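Chemist: Below are the structure tokens for one structure; questions will follow.
The values are calculated or read from the model by the stated rules, or taken from the named source; none is laboratory data. Since the model is a prediction, treat every value here as computed from it, not as a measurement. We place every Cβ from the backbone using ideal geometry, glycine too, and count neighbours over all the protein chains shown. Only protein heavy atoms, including side chains, enter the accessible area calculation; ligands, DNA and RNA are left aside. Shrake-Rupley method; radii C 1.70, N 1.55, O 1.52, S 1.80 Å.
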Amino acid sequence: MESEQSNSSNETLVFRLFDEKPSSGLGFLDSPQLPLHPPPPCLEVLPSEVSAGVKYIAEPVNVGGVTLLKGRVSTQDVFALANSDLVPGKYEGGLKLWEGSLDLITALSSDIKEGKLSFAGKRVLELGCGHGLPGIFACQKGAASVHFQDFNAEVLRCLTIPNVNANVQKKSEHLAIDMNESNNWDTRFFAGDWVELHCVLPYACKDENEASYLAQLDRASSYDIVLMAETVYSISALPNLYRLIKKCLCNPRGVVYMAAKKYYFGVGGGSRRFLSVVENDGTFAASLVSEVADGSSNVREVWKLLPK
Ligand SMILES: C[S@@+](CC[C@H](N)C(=O)[O-])C[C@H]1O[C@@H](n2cnc3c(N)ncnc32)[C@H](O)[C@@H]1O
């Protein structure tokens, strides 16, 4: 499957969906220089900014021993893009539910069962959330607060916030109690590129000096848990993503859970490429939580990063 993208001069660039093996050797990185879009501004999106104009249909998904509701919205309606998984720098794939999100929830669920993880009272950040199902799972498991981030504000307005609302509503119906009383989830939503995101996140060091931000990240000013699924496909974005994590994760008691494909055909990133950035820096120790090789795509993994 291929996706098409037009630049301002109407020249059409073709790139491949990164799940697939390149058939001709003409992968993403071999394409002509992709047009660079200016990154969208970093901002907080309020729950009241939820989109009313885009059709949203909720459906159940069973994962990690729980049933979550996930929405379906059309990429055409939101971005006027047909059949596109991703347009680099413009739309980063947040409207689709990627397998890694479900792998991540399954891994979180088994770590909870084995007593290796607890969300109770924790401050959680889901990076590159799209549907936000891992963050919603963290809410259900007692997180004190969950902050969701996506590149595109439209994804938050049309999909993430409706998904959070649908799951809150499901909980209140199930418990037969008043919606307002049951909605004690503390959720906030942030849009923008990882380069500048620390400027809008409530718990992130604004100081660019690495020595000072590592020293400042105590529990009061940082996140306990960072979750992310399918965020490490673009090689050029990896250093920015890693720097952001270092600016907002509690030191030394924070933890990162990352789900990703081992390698993304056509774009060159992947879990192993990200781990080489982590290893070169030396701040975190990485351990493999689970591996999924079900033949539906290339091998997928979930990794845990802990400050050394
Ligand atoms: C392939 S989607 C994965 C969505 C979701 N986590 C899932 O697994 O279904 C990648 C996500 O990473 C985020 N992302 C990618 N590049 C980014 C960048 N440079 N800055 C901020 N977010 C980015 C986008 O928010 C996008 O939704």
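Yes/no per residue for (1) of a type outside the set (A, V, I, L, M); (2) at pLDDT below 50:
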position	(1), (2)
E11	yes, yes
L34	no, no
K55	yes, no
V61	no, no
V66	no, no
V78	no, no
V87	no, no
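Chemist: Sticking with this one: Tell me, which residue of segment 91-116 that is away from the ligand (no atom under 12 Å from the Cβ) and assigned to a loop (DSSP other than H, G, I, E, B) is surrounded by the most Cβ atoms within 10 Å (Cβ to Cβ)?
Modeler: Out of the qualifying residues, it is K116.
Chemist: Sort out which residues of segment 245-269 are within 20 Å of G94 (Cα to Cα) and touching an Asp or Glu at 6+ places or on another chain (Cβ under 9 Å), and write them in order of number.
Modeler: Y257, M258, A259, A260, K261, K262, Y264, F265, G266
Chemist: Have a look at F151, F119 and point out the one that is open to solvent by less than 10 Å² (accessible area, probe 1.4 Å) and either more than 13 Å from A229 (Cβ to Cβ) or more than 8 Å from the ligand (Cβ to nearest atom) (or both).
Modeler: So the residue among F151, F119 that is open to solvent by less than 10 Å² (accessible area, probe 1.4 Å) and either more than 13 Å from A229 (Cβ to Cβ) or more than 8 Å from the ligand (Cβ to nearest atom) (or both) is F119.
Chemist: Whether any residue in segment 178-195 is in contact with a strand residue (DSSP E or B) (Cβ under 6 Å, 6 or more places away or on another chain), assigned to a loop (DSSP other than H, G, I, E, B), modelled with pLDDT under 95 and open to solvent by 40 Å² or more (accessible area, probe 1.4 Å) is what I want to check.
Modeler: Yes; the residues of segment 178-195 include at least one that is in contact with a strand residue (DSSP E or B) (Cβ under 6 Å, 6 or more places away or on another chain), assigned to a loop (DSSP other than H, G, I, E, B), modelled with pLDDT under 95 and open to solvent by 40 Å² or more (accessible area, probe 1.4 Å).
Chemist: Out of everything in segment 122-141 that is touching a Lys or Arg at 6+ places or on another chain (Cβ under 8 Å) and within 16 Å of the ligand (Cβ to nearest atom), what residue ends up being nearest to L249 (Cα to Cα)?
Modeler: Ranking the qualifying residues of segment 122-141, first place goes to A138.
Chemist: Oh, and also: Anything in segment 44-66 that is surrounded by 11 or more Cβ atoms within 10 Å (Cβ to Cβ) and of a type in the set (S, T, N, Q)? List them, or say none.
Modeler: Within segment 44-66, S51 is the sole residue that qualifies.
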